Structure formats: structure tokens, C-alpha cells
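Enquirer: One structure, pasted below without further comment.
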Amino acid sequence: EVACNFTSGQCKVISLEPESLEEVVDTFITTAEACGVKERGEELKSKFWTDVEKVKEAVALSKNNSEKKMKKKPRIMFLEWLDPPFDAGHWIPDMFELSGCTSSLSISQKPTRKSVRIKWEQLYECDPDVVLIGCCGFDLKRNIIDTIQAMDKLKELRAFRENRIYAADGNLYFARPGPALREGIAILARCA
């Protein structure tokens, strides 16, 4: 549509469709280069990974100092939608790894990087250690409201009984492919 409204050479359309965290971070350079400031994109990419390393170091330090040393990574279920439930997709599984967590869904339950619809029974069967609700496009206030409304379904989970269900600003820290994903990684680590 944009290309149709301009004559040749008036604008350049750049389509960014990252599916992994690495691809998201590479778009920092692609975008900056298109704006004629490639070095700013490279700086942002470098800062992003430096900040992620700091989160990883904090997670490692926390595990080393913990009285109850965890033998395995906490299993997390990130819900991008509640009615019907959808699990985390695209770059969020990469964020799990960097935050010291793992997905509560097995590879056989999730054959794609994209978010998939799941049934509540699947959620109960995988029995995650932590549940984080960050519905796509919704801020923290809205996700808190939706989490409270879903309590009848969530109370079946061990994570509910152990007070390990959290709501987050899904739009800012998880759904949008940008620099704030590093804060999303820190949020995941903190919740886990």
C-alpha cells in the first residue's frame, strides 16, 4: 500500500519479520542503516547483548548463592492469550533460555516457533513451575485484570498454590520486537 502511493525512488519499504531473539536484535542494525545511522544500530545491538549478559550473570550468581540449589531450570509457561490460551512464541523461548528458564511445553507439544493455541488440560498436564501472563498487545493493568478473571482456571495449577503466577506488560516487554525485550528477560528471571 505504501509503495503504491509513492513513485519509484521516493521511499524504500523494509519488511522486518523476526522470529528469534537474534533476528530481533539484527533488526536494530537494519533499521539504523536504513536511517543512515548504522553505527547507532550497532551500538544498540552491543548494549542489548551486554545487558543480557548482566542478567545471565545475576541468574548464575543467584543460583550459586541460593540455599536450595536448583537441580534443573525452572519450567515456565508464558501465556500470550487466555481465552483461548496461547503459549509463548517467536523470540520468547529464546528469552526463557537467557533468563535461566525453560519452556514447560515439550518439543513434541510445540513443533513450531510461533505461538500456538493450547488447551487448559495441556497446561495442567505440563504443570509449570511458573506462569507469566503477558497477553499480546495488553499492558500490565489489563493483564492483571485478565489474570484475576482467569483465576478459576489458573487455581488448578501448582504454580497457583505456590504463588508463582505473575502478570506483566506483554505489549512493552514481550510482544514488540525491540530493545525492551532485554527488560523482559530480566522479568522472566525475576519471576522464576
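Enquirer: Report yes if residue 12 is open to solvent by 90 Å² or more (accessible area, probe 1.4 Å), farther than 14 Å from residue 181 by Cβ and part of a loop (DSSP other than H, G, I, E, B), otherwise no.
Expert: yes
Enquirer: Here are 89, 134: which of them is closer than 28 Å to residue 53 by Cβ and out of contact with any helix residue (DSSP H, G or I) (no Cβ under 9 Å at 6 or more places or on another chain)?
Expert: 89
Enquirer: Restricting attention to the range 105-140, and to residues there that are touching a Cys at 6+ places or on another chain (Cβ under 9 Å) and at pLDDT below 90, which single residue is surrounded by the fewest Cβ atoms within 10 Å (Cβ to Cβ)?
Expert: Among those residues, the one meeting the criterion is 106.
Enquirer: Look at the range 141-189 and say how many of its residues are over 19 Å from residue 103 (Cα atoms) and either crowded, with 22+ Cβ neighbours inside 10 Å or aliphatic (A, V, I, L, M) (or both).
Expert: Qualifying residue count for the region: 8.
Enquirer: Go through the range 154-192 and report how many residues are more than 16 Å from residue 138 (Cβ to Cβ), in contact (Cβ under 8 Å) with a residue 12 or more places away in the chain, under 12 Å from the mean Cα position of the chain (by Cα) and in a helix (DSSP H, G or I).
Expert: 6
Enquirer: Going by the structure shown, is residue 148 in contact with a strand residue (DSSP E or B) (Cβ under 7 Å, 6 or more places away or on another chain), in a helix (DSSP H, G or I) and without any contact (Cβ under 8 Å) to a residue 24 or more places away in the chain?
Expert: Taking the combined requirement at face value, the residue does not satisfy it.
The values are calculated or read from the model by the stated rules, or taken from the named source; none is laboratory data. In this text the structure is predicted, and so the values were computed from the model without any measurement. Here the Cβ is made from the backbone with ideal geometry for all residues, glycine too, and neighbour counts use every protein chain on show. In case anyone asks, the SASA skips ligands and DNA or RNA and just uses the protein heavy atoms, side chains included. Shrake-Rupley method; radii C 1.70, N 1.55, O 1.52, S 1.80 Å.
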